[in-house]
Amino acid sequence: MNVIRPNTGNPILIAALHLALLLAAPASGAEAGTVDGVLEKYVKAIGGKEAWNKVESRSIKAEFADSFGTTSGWSLQAKAPNKRLTRMESSPWGVLLDGFDGTTAWSKNQNGVRTKVGDELSRAEKEADFRREVRLKALYPDLAFKGTETLDGEEVQVLESKPTPSSKERFSFSAKTGFLVRWQSESKSAQGNDTRVEIRYSEYRAVDGLQYPHVQQFKFSRAGRDVEFGMKVKEVKHNEKFEDSIFSKPSA
């Protein structure tokens with residue numbers, strides 16, 4: 001029987017064979033249009049999982065500005081694996097504290113101290129996870145890829161989760177850079193009011209090899225009331241020493 005052999009001396013044929021093999025081969029890593037693909041690109045863009053896992057504590061200082069131009073100082077102290085405290089000093093409301101001690105989520109304002117429950121507790125637990133940025137799939141196991149949208153003229157890839165029966169969170173990642181550029185949340189307040197939050201992230205800058213958004217724009221809606229304000233990060237520090245007691249719920 002005669003065997004027909006390919007003409008391996010023909011450069012056009014060789015190029016065609018190489019192209020066919022390339023198209024047939026599985027892509028390295030996860031595909032872009034999947035949850036794994038989007039998250040893989042995001043983690044790489046912000047510095048990589050190994051680099052984030054080397055950090056054990058974080059402090060951030062920032063400045064808030066409302067729509068009237070009034071500014072307030074804001075700071076965050078966080079410690080692995082899941083302790084978090086924010087402090088805002090505002091002339092209209094005084095000192096506002098918000099914390100998670102690893103178990104209890106709480107807030108303190110001029111009206112006193114309260115413990116968070118329901119959707120608020122669920123969101124606080126996830127926000128307090130120290131390595132949240134590289135653990136999104138673990139924190140939101142039902143994440144689903146919802147396709148692409150256009151945001152400010154840029155293509156974004158959207159992932160969505162429903163952490164509780166009455167809440168939903170959406171994450172929009174730049175198709176170009178991989179960075180998280182928008183986070184949206186729908187939930188119920190402690191009083192049962194529908195609450196919507198949207199945060200836009202921009203101006204990512206490296207701090208010790210990790211990328212942080214240094215400008216954030218907030219939209220907050222509850223019970224027919226809308227509030228908008230912005231935040232500019234002034235300083236980020238890693239691996240400072242924090243006592244666990246600073247995250248504990250105040251007695252009053």
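The values are calculated or read from the model by the stated rules, or taken from the named source; none is laboratory data. In this text, all values refer to a predicted model and were calculated from it rather than measured experimentally. Cβ atoms come from the backbone with ideal geometry, glycine included; neighbour counts cover every protein chain shown. For accessibility, only protein heavy atoms count, side chains too; no ligands or nucleic acids. Shrake-Rupley method; radii C 1.70, N 1.55, O 1.52, S 1.80 Å.
Residues in the chain average 59 Å² of solvent-accessible surface per residue, probe 1.4 Å, ligands and nucleic acids excluded.
In percent, rounded to a whole number, the relative contact order of the range 129-252 is 12, using alpha-carbon pairs under 8 Å and six or more apart.
Taking every C-alpha pair closer than 8 Å and separated by at least 6 residues, the mean separation divided by the residue count of the chain gives a relative contact order of 19 percent. The distance separating the Cα centre of the range 203-252 from that of the range 71-128 comes to 10 Å.
Hydrophobic long helices, here whole DSSP H runs in the chain with Kyte-Doolittle means of at least 0.5 and Cα atoms spread over 18 Å or more along the helix axis, are found at 11-24. How big, on average over all directions, is the shadow cast by the Cα convex hull of the range 80-238, in nm²? Spelled out: convex hull of the Cα atoms, projected over all directions, averaged, 10.4 nm². Label point of ASP152 set 7 angstrom out along Cα-Cβ; within the range 225-245, amide nitrogens under 16 Å from it belong to 229-233. In the chain, the DSSP-assigned H stretches of four residues or longer account for a calculated mean residue ellipticity at 222 nm of -5000 deg cm²/dmol, using -39500 (n - 2.57) per stretch and the full residue count as denominator. Derived scalar couplings between HN and Hα for the range 175-183 equal 5, 7, 9, x, 5, 6, 10, 7, 10 Hz in order, rounded to whole Hz, by the Karplus curve 6.51 cos²θ - 1.76 cosθ + 1.60 (θ = phi - 60°), x for Gly and Pro.
Residue pairs exceeding 27 angstrom between C-alpha atoms, taken from LYS168/LYS234; LYS61/LYS162; LYS162/LYS234; LYS49/LYS146: LYS168/LYS234; LYS61/LYS162; LYS162/LYS234. The Kirkwood radius of the range 56-125, taken over pairs of alpha-carbon atoms, gives through the Stokes-Einstein law at 10 °C and 1.306 mPa s a diffusion coefficient of 122 µm² s⁻¹.
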